[in-house]
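Here's the structure, in structure tokens; my notes come after.
The values are calculated or read from the model by the stated rules, or taken from the named source; none is laboratory data. Just so you know, these numbers come straight off a predicted model, no measurement behind them. Positions of Cβ are generated from backbone atoms using ideal geometry, with glycine treated the same way; all protein chains shown enter the neighbour counts.
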Amino acid sequence: MDEIHPFRLDCRPLALPVRSPSPSDDRASDAAPAVAARRLRILEAAARCFAKHGFTRTRVEDVAAEARVSRALVHHHFGSKEELAQQVQQHMLEEWSAAVDHAIAGATTAGAALEAWLRVNLSDLRRRPLLHAILADAALLASFEDAARRSMIEWREKLVALLARGIEGGEFRVDLDVESTAEVLRAMQVGMMQHLLSNDPTLDVSCERHLDAAARLLVAGLRRTP
């Protein structure tokens, strides 16, 4: 007869009782999209206020009225006006980056992806009046520069990947220095964007004809010669 060990532990997993969903669980799951939608409404309202009045003249009360929420709710979600401005700028950059990513994802070649990158970056400026306000407002510009710098670093890495993809696919020249070329492309992009955002640009690169010329010129210098 086997010896019985009264204190030997049974290591088989215990079947824990399954808790049925409660009404509070349903309310919490329903509330999450509503909270996200309310935060987005406040961000978009703040963007309109900052674009129209600038940072200094915009009050939290103005944002609350524009978003049709209480002043306390704005503070609850974003704390101070400074934090709200930073979140507005970050949201704008994320939207912008997502639009460029979407355009690049639809490109079948590395060259087409680079053309889409430049085209969307420049044409999207016309739909972002907040950028004009940021560049004209020292308070907004000070907090925007750090976020923009981080965004530029991310895009530099994406450009390096696109250039490497073009070389590997035989589309771009094999002698390209991808790191240096990515820096030059980024500098060209920033220069054209600054030109577009100036008060009196001498060249309207926002029109389709000029966008086509810029995109084709950019890619032509990268292509591998037969």
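I'd like the full set of residues that are surrounded by 17 or more Cβ atoms within 10 Å (Cβ to Cβ) and of a type in the set (Asp, Glu), limited to the stretch 74-123.
Glu115
Do we have Leu196 as surrounded by 12 or more Cβ atoms within 10 Å (Cβ to Cβ) and modelled with pLDDT of 80 or more here? Break it down stepwise before answering.
Details: surrounded by 12 or more Cβ atoms within 10 Å (Cβ to Cβ): yes; modelled with pLDDT of 80 or more: no.
No.
Residues Leu93, Leu84: which one is outside any loop (DSSP other than H, G, I, E, B), of a type in the set (A, V, I, L, M, F, W, C) and modelled with pLDDT under 90? Lay out the reasoning, then the answer.
Details: Leu84 fails: modelled with pLDDT under 90.
The match here is Leu93.
Against the definition (surrounded by fewer than 18 Cβ atoms within 10 Å (Cβ to Cβ) and outside any helix (DSSP H, G or I)), how does Ala161 come out, yes or no? Full working, then the answer.
Details: surrounded by fewer than 18 Cβ atoms within 10 Å (Cβ to Cβ): yes; outside any helix (DSSP H, G or I): no.
No.
Under 7 Å between Cβ atoms, at least 6 apart or on separate chains: pull out the pairs that start in the stretch 208-226 with a residue that is assigned to a loop (DSSP other than H, G, I, E, B) and end on any residue that is not hydrophobic (A, V, I, L, M, F, W, C).
Final answer for the pair search is Leu222/Gly166; Leu222/Arg173; Arg224/Gly170; Arg224/Glu171; Arg224/Arg173.
Matching residues to (1) of a type in the set (Val, Ile, Thr); (2) in contact with a Lys or Arg (Cβ under 6 Å, 6 or more places away or on another chain); (3) without any contact (Cβ under 8 Å) to a residue 60 or more places away in the chain; (4) farther than 14 Å from Arg48 by Cβ:
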site: Ala67; (1), (2), (3), (4): no, yes, yes, no
site: Arg71; (1), (2), (3), (4): no, no, yes, yes
site: Phe78; (1), (2), (3), (4): no, no, yes, yes
site: Glu82; (1), (2), (3), (4): no, no, no, yes
site: Ala85; (1), (2), (3), (4): no, no, yes, no
site: His91; (1), (2), (3), (4): no, no, yes, no
site: Trp96; (1), (2), (3), (4): no, no, yes, yes
site: Asp101; (1), (2), (3), (4): no, no, yes, yes
site: Thr108; (1), (2), (3), (4): yes, no, yes, yes
